[in-house]
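Inspection log for the structure reproduced underneath, given as structure tokens.
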Amino acid sequence: MKLRKEVKSGSAGTPLLQESAYTISHEYNAVTADDLRDLKQKLDAAPDREKYGRYRARLFYGNLRRWQRQGLHFLYVSGVGTKECTCGLVLHENAEADQEKAVFVSNVIQEKLREIELEKLQLVKGHMSLPSLKVPTVALIVNFTFKESINDYLWNAMCQECGEYLVQARDSEAKLFVKEHNKGCGPKKLKKEGK
């Protein structure tokens with residue numbers, strides 16, 4: 001029998017995330033142009049009965065590559081008790097001894113970010129920079145909207161450390177926000193590398 005943990009809530013009654021029930025791990029999930037070419041060759045060579053499955057696989061990895069290159073952090077795949085970000089961070093809902101304990105943004109930062117819609121995965125710390133997947137990041141591009149009036153995508157971005165965020169910003173503005181917050185709010189490793 002599983003016991004339900006007491007969940008604290010904020011002033012608006014929304015649950016504040018608890019750290020103890022979650023762990024994280026990282027999967028290196030970079031998709032290269034070579035990977036996509038290989039998938040295309042396998043699709044072309046596949047018997048008819050296998051083409052649809054190979055087409056779906058190519059579409060899945062093609063989309064993942066595009067999202068990684070855009071810098072978009074969000075839940076792109078989930079399994080039993082896991083949620084995986086486009087950067088390879090995996091949030092495990094049931095704590096396991098051999099995995100790193102998940103650390104979520106503070107309750108104060110959660111309150112500041114209440115105005116934008118975020119997934120639980122976007123509130124856990126430990127994301128890697130996109131598209132490189134090599135350097136930790138505290139600033140994330142978390143969502144997008146297509147605006148017909150300007151025929152372009154607008155992006156939402158947020159900083160896990162200071163709680164500042166952008167809503168419906170142009171691509172270049174969102175990427176600059178991420179760069180500046182990683183430099184100013186990020187871990188010492190980011191500051192040393194000048195990222």
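The values are calculated or read from the model by the stated rules, or taken from the named source; none is laboratory data. Only a predicted model underlies this, so the values are computations on that prediction, with no experimental measurement involved. FYI the Cβ positions are ideal-geometry reconstructions off the backbone, even for glycines, and counts take in every protein chain you see.
Just to be sure, is GLY163 more than 16 Å from the chain's Cα centre (by Cα) and either more than 18 Å from PRO136 (Cα to Cα) or at pLDDT 90 or above (or both)?
Answer is yes for this residue.
Name every residue in the stretch 131-156 that is out of contact with any His (no Cβ under 7 Å at 6 or more places or on another chain) and not in a strand (DSSP E or B), in order of residue number. Those that are out of contact with any His (no Cβ under 7 Å at 6 or more places or on another chain) and not in a strand (DSSP E or B): PRO131, SER132, LEU133, LYS134, VAL135, GLU148, SER149, ILE150, ASN151.
Scanning the stretch 103-110 turns up no residue that is of a type in the set (Val, Ile, Thr) and at pLDDT 95 or above. Among the conditions (1) within 10 Å of the chain's Cα centre (by Cα); (2) modelled with pLDDT under 90, GLN122 misses just one, which is (2).
Of all the residues that make up the stretch 160-177, how many are under 18 Å from GLU115 (Cα atoms) and in a helix (DSSP H, G or I)?
First, pick out the residues of the stretch 160-177 that are under 18 Å from GLU115 (Cα atoms): 160-169, 174, 177.
Remaining after also requiring in a helix (DSSP H, G or I): 174, 177.
So the count comes out to 2.
Of the residues screened, LEU133 is one that is under 27 Å from ASP171 (Cα atoms) and either aliphatic (A, V, I, L, M) or exposed (fewer than 12 other Cβ atoms within 10 Å of the Cβ) (or both).
If a residue has to be of a type outside the set (Phe, Trp, Tyr) and either in contact with a helix residue (DSSP H, G or I) (Cβ under 6 Å, 6 or more places away or on another chain) or closer than 21 Å to ASN182 by Cα (or both) to count, how many in the stretch 91-113 make the cut? Selection size over the stretch 91-113: 12. All conditions but one from (1) part of a loop (DSSP other than H, G, I, E, B); (2) over 23 Å from the mean Cα position of the chain (by Cα) apply to GLN41; the one that does not is (1). Given the structure, is LYS147 closer than 17 Å to CYS185 by Cβ, charged (D, E, K, R) and in contact with a strand residue (DSSP E or B) (Cβ under 9 Å, 6 or more places away or on another chain)? When the stated conditions are applied, LYS147 does not pass them.
Could you check, for the stretch 105-115, whether at least one of its residues is in contact with a strand residue (DSSP E or B) (Cβ under 9 Å, 6 or more places away or on another chain), in contact (Cβ under 8 Å) with a residue 24 or more places away in the chain and under 21 Å from LEU36 (Cβ atoms)? No: the stretch 105-115 contains no residue that is in contact with a strand residue (DSSP E or B) (Cβ under 9 Å, 6 or more places away or on another chain), in contact (Cβ under 8 Å) with a residue 24 or more places away in the chain and under 21 Å from LEU36 (Cβ atoms).
Determine whether LEU91 is in contact with a strand residue (DSSP E or B) (Cβ under 9 Å, 6 or more places away or on another chain), within 17 Å of VAL142 (Cβ to Cβ), in a helix (DSSP H, G or I) and modelled with pLDDT of 90 or more.
Details: in contact with a strand residue (DSSP E or B) (Cβ under 9 Å, 6 or more places away or on another chain): yes; within 17 Å of VAL142 (Cβ to Cβ): yes; in a helix (DSSP H, G or I): no; modelled with pLDDT of 90 or more: yes.
Answer is no for this residue.
Selection of the stretch 94-108 for residues being outside any loop (DSSP other than H, G, I, E, B) and surrounded by fewer than 18 Cβ atoms within 10 Å (Cβ to Cβ) yields GLU100, LYS101, ASN107, VAL108. In the stretch 27-81, what residues are more than 21 Å from TYR153 (Cα to Cα), of a type in the set (Gly, Ala, Ser) and surrounded by 14 or more Cβ atoms within 10 Å (Cβ to Cβ)? Of everything in the stretch 27-81, those that are more than 21 Å from TYR153 (Cα to Cα), of a type in the set (Gly, Ala, Ser) and surrounded by 14 or more Cβ atoms within 10 Å (Cβ to Cβ) turn out to be ALA30, ALA46.
So which of LYS5, LYS42 is charged (D, E, K, R) and at pLDDT 90 or above?
Details: LYS5 fails: at pLDDT 90 or above.
Sole residue among the options that is charged (D, E, K, R) and at pLDDT 90 or above: LYS42.
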